[in-house]
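Accompanying notes for the structure given below.
The values are calculated or read from the model by the stated rules, or taken from the named source; none is laboratory data. These numbers were taken from a predicted model, which means no experiment stands behind them. Neighbour counts run over all protein chains shown; Cβ positions are idealised from the backbone, glycine included.
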Amino acid sequence: MGEVQPMVRAVERDARGIIAPDVGLTRFRLDRYPPSAQVARFVDRYWVATWDLTGQDPFTQRVFAHPVVNAVLADGAFTVHGVTTRIGARTLSGAGRALGIMFRPAGFRPFAGGSMAKLRDRTLPFADVFGADAVALLAHEVTAAADPVGMAAAADRFLDSQMPSQVWESEATSALVEKVAADPTFVRVDALAALCALTPRQLQRRFADHVGIGPKATIRRYRFYEAAERARGADVDWADLAAELGYSDQAHLTREFSAIVGLPPSRYARACRAG
C-alpha cells in the first residue's frame, strides 16, 4: 500500500491543459505517476515538475487546468487550487521542483466539506482540509524525497490514510465526467443527462456541487483540449474538426478557441510547431 507505479501517460503524448506545451517542455520536465488502487477512487495522478533555469531568464507557463482540484507543494507552500474558469500562469526561475496531486473530476468533493462551487477560482491552504500537523509532516516527507518517485509515493501514503470508507455520490459523477473526457464527440448536455437518468437542470445542480462548474462548461473544456491537442500534430482540417467536436461551424471553433488562448487555432498550431 502506498507504492506508486513508474509512469502514466507521458506529457509528450497527452498535454491537455498546458498551453503551447512544446515550448514549455524545453524549459521544464513534467513526470506523472498513478496513485495506488485505493487512492485512485479520488485521485487521477501525481505530477512532479522539475526545472533548472539557473543563469537564464524566468519562464512563464500558461495552463488551462482540467476541471479538477490540484493540490500543489511548491516554494514551501502546500495549497489547494479549486476548479478554474480561466487560464492561469506560473513563472519558473532558478532551479526547483513542485509536486502536484491531481484529483479526479469531482474527486475532491468528499474532502471539501461542502459544494465544490465554493472552491471555484479559489486557492486555500492544504492544511485547512487535512490539518496543519499532518500536512506539515507530509510536506517534510515530500521535500526530503530523493526523486520524483519518492515524492509521489509520500503523497500516496498520506492520501491512503485519508480515504473515506463509504461510497460517495460524487464517485458516479467522476465516472461521468471521465466519459466526456474520453469521447470528444460527447458534446450535448441533454445526452449527458439522459445517460444518468437526470434532467439537464438536475445535472447542472449535481455538477455545481460535485465538480464546481456546470456540464456545459465541462464539455467545452474537454472540447477545447481536443482541438489544442490536434493542433500540435500535422495540418488540421479545421472545418472537419469543428463538425466532429460539435461546433456549429469553423468560425464558432475559432471564436471559442481565440477567446480562451488569445490566438485562433491555426496560429496556435504554427506556434506549437515552431516551439
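Listed values, structure above:
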{"item": "Condition met for G262 (at positive phi, outside the structural domain of L119 (by TED's automatic domain parsing) and within 24 Å of the chain's Cα centre (by Cα))", "result": "yes"}
{"item": "Complete set of residues in the stretch 97-117 that are in contact with a strand residue (DSSP E or B) (Cβ under 6 Å, 6 or more places away or on another chain) and free of Cβ contacts under 8 Å to residues at least 60 places away in the same chain", "result": "R97, A98, L99, G100, I101, M102"}
{"item": "Lone unmet requirement of (1) in contact with a helix residue (DSSP H, G or I) (Cβ under 7 Å, 6 or more places away or on another chain); (2) in contact (Cβ under 8 Å) with a residue 60 or more places away in the chain; (3) crowded, with 19+ Cβ neighbours inside 10 Å for L192", "result": "(2)"}
{"item": "Strands (runs of 3 or more DSSP E) fully within the stretch 16-64 counting 2 or more residues that are on the phi < 0 side of the Ramachandran plot and of a type in the set (K, R)", "result": "28-33"}
{"item": "Residues that are of a type in the set (A, V, I, L, M), part of a helix (DSSP H, G or I) and crowded, with 23+ Cβ neighbours inside 10 Å, drawn from the stretch 204-218", "result": "none"}
{"item": "Residue check, G100 closer than 24 Å to P34 by Cβ and part of a loop (DSSP other than H, G, I, E, B)", "result": "no"}
{"item": "The listed residue being of a type in the set (A, V, I, L, M), within 27 Å of E229 (Cα to Cα) and not in a helix (DSSP H, G or I), out of V167, V177, V187", "result": "V187"}
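Here is a yes/no grid of residues against (1) in the same structural domain as R221 (by TED's automatic domain parsing); (2) in contact with a helix residue (DSSP H, G or I) (Cβ under 6 Å, 6 or more places away or on another chain); (3) surrounded by 15 or more Cβ atoms within 10 Å (Cβ to Cβ); (4) closer than 19 Å to E178 by Cα:
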| residue | (1), (2), (3), (4) |
| --- | --- |
| W51 | no, no, yes, no |
| F64 | no, no, yes, yes |
| N70 | no, no, yes, yes |
| I101 | no, yes, yes, yes |
| K118 | no, no, no, no |
| R122 | no, no, no, no |
| A132 | no, no, no, no |
